[in-house]
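In what follows, a structure is listed as structure tokens, so that the remarks can point back to it.
Bear in mind that the values in this text are calculations on the coordinates, not laboratory data. Remember, it's a predicted structure, so these values are computed and weren't measured experimentally. For neighbour counting, all protein chains shown are included, and Cβ atoms are generated from backbone atoms with ideal geometry for every residue, glycine included.
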Amino acid sequence: MTKSRLWLGACFMAGMLFFTSCSDNDKVSFPDGTSGDIPAQVMEAFNAQFPGASNVVWTTKAGYAVADFYWDGTRSANVSRNHTAWFALESGLLGMTERDIRFSELPEQVKSAFYASEYGQAPWVADDEVDVLTRNDASEVLYVIDVEKKEGGIETDVDLYYTSEGILVKEVIDAEDNKDYQEYLPQAPSNTVESWLKENYPDAKIIDLDNEDGGTEVEFIYGNLKHEAFFNRAQAWVYTKTEYKFRNIDEVKDIPSQVIVALKSTSAYLEGAHVEEAEKYETEVSGTFYCFELEGRFDDDTKIYISHDGTVLQGHPDLGGNDSENTGTVVGDIEQFIQENYPGAVIIERDYDDGYLEVDIRHEGKEKELLFNGRNEWVRTSWEISIRELPSAVTAALSAEGYRIDDDEAEVVETVDSFWYEVEVQRSGEEFKVFIDASGSIFQVLKD
């Protein structure tokens, strides 16, 4: 998969391969086909950092001068790597470099982790070109592996973000082809946030930091685990989330035994659901609790929340912060989509789940889950309703087919071009999940 680049200098003169600063002016004008000016201090920093760079194209974005270029300073086997470097316009400091390497040149820990994951197995295929993001601060170096598969005539593309230690910290489905990684430019945490990190997680390595109007979200690695901390607008700590990676939930020694006992006593677990994900939440307002995502017999997901003392909780506990602060963690196109389609909704939480951005909201008295792909395009919304809320056409159709509803709740699913219900039923002693639209038309049946 070829990576697109912002090659905006198509009108360059043939001999103009590099730009130098002028002694009588502190800025160097862009050639035709570009816009803005390059400060001399940026040019000096670029020359010092990447001597001999060629085919340089400059643009400006988000307060940075951005250079796309070829540089043979790291040439291996006569293969030239493509580079993009971001220099702060005001200071001339290098903020971030994105370069391409061969898959074979990945650190061994990254390759081992990749091959041990589902993405390292067929039908997934990895691109031979890997993006490496290096930030000029204490942030982790990130390796972005692009994988794709084709099943049932459907192509799926996923970007996998690994740390040098082989920790998978992010999955993004169907991201933009010409991504420039602007969101990973280094941001300095406030003194309050920085002090909190040093006190609670010394030597933590930052993955990403987002300063939004609603507060600050910091993702970091500590103890070989990924953590996420959120601070409100006043920079007061609200919660910390820790993600656990495991093949079997019993492998996670950090989860108290009373919590595991409570988990294994839930109906979902007793019915054979597999524990896919586990997260620990430490909050200011709700104390410590755990979230487990279980995959059931029909490949449907159930989230179970259990407090630190082993109490199974009803619904998502309050993470803290007021509504505007929570909403502030979702911005741009996604925030606008939610405001337009779910007026009055309260953002509970956002997170990446199976490559999609999952935004949990509370709307019209129900918790709803929205999924967005890497282009911030809405994919689907789902929520649970009681059986009493099913349309009469649905219950009549199920009865006419001899099905008996087997659960107190059903799931509603809405996508760009469809709307349906997922209902668990029984017939002749066998269990099924029926997919049925509001008119009572059954379009799929899964047998347990």
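Worth a mention:
- Under the Karplus curve 6.51 cos²θ - 1.76 cosθ + 1.60, θ = phi - 60°, whole-Hz ³J(HN,Hα) for the range 123-135, x wherever Gly or Pro sits: x, 5, 10, 8, 5, 6, 9, 10, 8, 10, 9, 10, 9
- Proximity of backbone amide H atoms, modeled 1.01 Å from N, is registered between R380 and L371 at under 5 Å, excluding neighbours fewer than 5 places apart on the same chain.
- Listed peptides 259-265, 310-316, 83-89 by packing density, highest first (mean Cβ within 10 Å): 83-89, 259-265, 310-316
- Amide proton proximity set for E277, modelled H, under 5 Å, gap of 5+: E293
- Ranked list, fewest to most other Cβ atoms within 10 Å of each Cβ, for S441, S164: S441, S164
- Calculated FRET efficiency for the pair N47/S392, C-beta based, R₀ 60 Å, to 0.05: 0.20
- Peptides 201-208, 387-394 ranked from most to least packed by the mean count of surrounding Cβ atoms within 10 Å: 201-208, 387-394.
- Scanning residues 5 or more positions from T288 or on other chains, those with amide H under 5 Å from its amide H are T283, H308, with H placed 1.01 Å from N in the peptide plane.
- Estimated [θ] at 222 nm from DSSP helical runs (n ≥ 4, -39500 (n - 2.57)) normalised by residues in the chain, nearest 500: -4000 deg cm²/dmol
- Peptides 341-351, 37-47 ranked from most to least packed give 37-47, 341-351, packing being the mean of other C-beta atoms within 10 angstrom over each peptide's residues.
- Karplus (6.51, -1.76, 1.60) ³J(HN,Hα), θ = phi - 60°, over the range 306-313, in Hz, Gly and Pro reported as x: 9, 6, 4, 8, x, 7, 6, 9
- Backbone HN-Hα couplings from phi across the range 198-204 [Karplus 6.51/-1.76/1.60, Hz, Gly and Pro as x]: 5, 6, 9, 9, x, 6, 4
- Kirkwood hydrodynamic radius of the range 330-376, from the reciprocal of the average inverse Cα-Cα distance over all distinct pairs: 10.7 Å.
- Working from the Cα coordinates of the range 191-313, the gyration tensor eigenvalues give, after taking √(5λ), semi-axes of 30, 14, 14 Å in decreasing order.
- Rg ratio (alpha-carbon, reference 2.2 N^0.38 Å) - the chain: 1.13
- Members of K61/K198; K198/K368; K170/K253; K205/K245; K150/K264; K150/K280 lying beyond 25 Å, as alpha-carbon distances in this model show: K61/K198; K198/K368; K150/K264; K150/K280
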